[in-house]
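What follows is calculated from the coordinates using simple rules that are stated; it is not laboratory data. All of these numbers come straight from a predicted model, not from anything done at the bench. Note that we place each Cβ from the backbone using ideal geometry, even for glycine, and neighbour counts take in every protein chain shown.
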Amino acid sequence: MTTTSPTALDPQRVQRRTVFLLSSAQLLSGVGNGATLSIGSLLAVDLSGSEAWAGSITTVLTLAAAIAALPLARLAESRGRRVGLVTGLVAAMVGALLIIASVMGQSFVLLLLGAAFLGLGTAANLQARFAAVDLAEPEHRGRSLSTVVWAITIGAVAGPNLIQPGAVVGAALGLPPIAGPFVFSAAGLFLAAALLFVGLRPDPLMFSRKLASLADGNGDAAAKPVRGTIRSGLRAVRTSPLALLALAAVVAAHGVMVAVMSMTPLHLQQLVGGSHEGHHGGATDSTDALVVIGITISLHIAGMFALSPLWGWLTDRAGRLQTIAMGHGMLLVAVFIAGFGQHEPVLVTAGLVLLGLGWSAATIAGSTLLAESVAPDERVTVQGVSDTLMGGAGAIGGATSGLLLAWIGYQGLNIASSILAAAVLALTAVTAVRRIPLAEQDRTDSSAV
């Protein structure tokens with residue numbers, strides 16, 4: 001087995017190839033998440049027989065992503081990004097197959113297990129954005145990260161609209177119609193894993209370490225990976241006010257987005273399909289409701305990913321703090337539009353689109369700021385902790401959203417979610433004010449020199 005010396009490779013060329021491969025894999029794997037988000041809650045109601053379990057799929061998926069984030073980060077630390085990402089995608093493919101089996105066997109337990117395995121794919125997709133900045137230059141980190149995030153758009157938007165084509169494929173394979181979309185999910189995840197397994201060489205994380213070792217005069221000796229824990233990651237974050245803000249921004253944005261998004265399909269089914277509390281009919285009782293749900297979730301996911309390059313550009317040009325504030329400002333507006341417009345499907349859809357846009361801006365700017373606000377040897381661990389807390393926030397949002405929907409209604413759910421976005425806006429303002437004297441001091445020192 002031979003290896004190529006880092007000095008024989010152009011880092012910028014490797015970076016461009018890495019971003020292309022990561023983007024292609026995101027496009028293929030996005031189908032799985034899109035299909036799960038659009039019909040997961042409906043399947044849960046069907047197989048469990050109770051609307052109380054409507055948020056269970058989102059909860060299990062996000063909780064599994066939270067639990068898997070740090071182990072996948074450790075795997076990346078020791079074996080490289082390629083092994084970590086491929087492991088998550090293969091597990092997600094198994095999850096898609098388990099969901100198909102759950103529909104065939106009418107098993108709610110298998111459905112939950114499939115959602116858990118799909119959560120590992122979610123964790124891998126989240127970590128792909130960090131892999132995009134391992135070799136990126138500081139002035140292009142936002143752009144590189146946002147390009148990989150953007151690439152998931154086509155697959156993710158297509159996912160919710162695969163209900164009808166999936167039914168055709170399912171019938172051809174002898175499967176129940178609603179299981180059909182997950183055939184596309186499994187195929188997309190397999191292709192994504194194969195692409196990264198074959199193509200992601202040299203590994204961006206390992207290559208960046210070798211370059212850093214050469215720059216430090218250590219020859220070809222790469223830095224030894226640090227076995228990170230949640231405690232060590234949080235300790236690293238606490239040493240930097242900017243890292244704290246970045247972590248709060250991505251965690252809160254994810255919690256708000258998941259809480260509102262996960263209950264919107266059920267709300268729209270009741271609104272458009274004429275369902276009422278206590279009704280436990282089939283998930284496909286209303287074709288009109290399914291169409292509206294598919295369009296709404298597709299547009300929401302488009303909002304999450306389609307304008308990612310714009311947020312990356314603003315992150316690099318306008319600044320990290322400014323883009324974080326913009327993202328959480330949009331989240332605030334989104335929940336008020338969806339909440340106070342709860343009786344109008346058009347307004348609910350508009351709110352969901354803006355919800356996706358706000359999530360995208362806050363996540364891209366926050367992730368970029370986080371990656372550069374901690375020491376290089378702590379970066380991968382902190383990124384794993386960030387994704388763990390994001391997943392935890394999503395799991396809590398998914399778990400409590402069903403209870404809040406039953407208790408205070410869809411409008412109340414949206415208003416309650418606004419508290420997190422408002423808190424991050426306040427923290428961003430405080431951080432910006434505290435940094436003004438430091439910036440002025442830097443300018444004074446530069447003038448003196």
Magnitude of the Cβ-charge dipole (Lys and Arg +1, Asp and Glu -1) of region 314-440 about the Cα centre, nearest 20 debye, reported as 180 debye
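Kirkwood Rh over alpha-carbon pairs of the chain, then Stokes-Einstein at 4 °C and 1.567 mPa s: what D in µm² s⁻¹, rounded to an integer? Can you show the working numbers first?
Details: Rh = 22.0 Å.
Answer from the Stokes-Einstein relation: 59 µm²/s.
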Per the rule of 0.36 nm per residue minus the C-alpha distance, extending Asp288 to Leu310 adds in nm 4.5 nm
Here the Cα Rg-to-2.2 N^0.38 Å ratio for region 38-133 is 1.15
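How big is Rg to Rh over region 65-111, alpha-carbon atoms, Rh as the Kirkwood inverse-mean-distance radius? Before the final figure, lay out each step's value.
Working: Rg = 13.6 Å, Rh = 11.8 Å.
Here the Rg-to-Rh quotient is 1.15.
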Ordered by fewest other Cβ atoms within 10 Å, a rough proxy for footprinting exposure, His254, His343 read His343, His254
Compactness summary of region 160-204: radius of gyration and Dmax from Cα atoms, Å, are 14.3, 43
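For the chain, what relative contact order do you get, as a whole percent, if you take Cα pairs closer than 8 Å and at least 6 residues apart?
Working: 856 pairs, mean separation 107.5, N = 449.
Reported as a whole number, the value is 24 percent.
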With the 8 Å Cα cutoff and a minimum separation of six or more residues, region 37-137 has a relative contact order in percent of 32 percent
Extension length gain for Ile295 and Ala52 (0.36 nm per residue less Cα distance), in nm, is 85.1 nm
Ordering 315-324, 97-106 by per-residue average of other C-beta atoms within 10 angstrom, highest first, gives 315-324, 97-106
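So if R0 is 41 Å, what FRET efficiency would Phe336 and Asp10 give, r being the distance between their Cβ atoms, rounded to the nearest 0.05?
Details: r = 49 Å, r/R0 = 1.20.
Given R0 = 41 Å and the Cβ-Cβ separation, E is 0.25.
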Largest-first semi-axes in Å of the equivalent ellipsoid built from the Cα gyration tensor of region 95-208 are 33, 15, 12
Under the 7 Å Cα-to-Cβ spin-label approximation, Ile408 and His343 lie apart by a distance in nanometres of 2.1 nm
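Show me the ranking of peptides 194-204, 242-252 by mean Cβ neighbours inside 10 Å, starting with the highest. List each step's numbers first, then the result.
Numbers: 194-204: 19.3, 242-252: 24.3.
Per-residue mean Cβ counts within 10 Å order the peptides as 242-252, 194-204.
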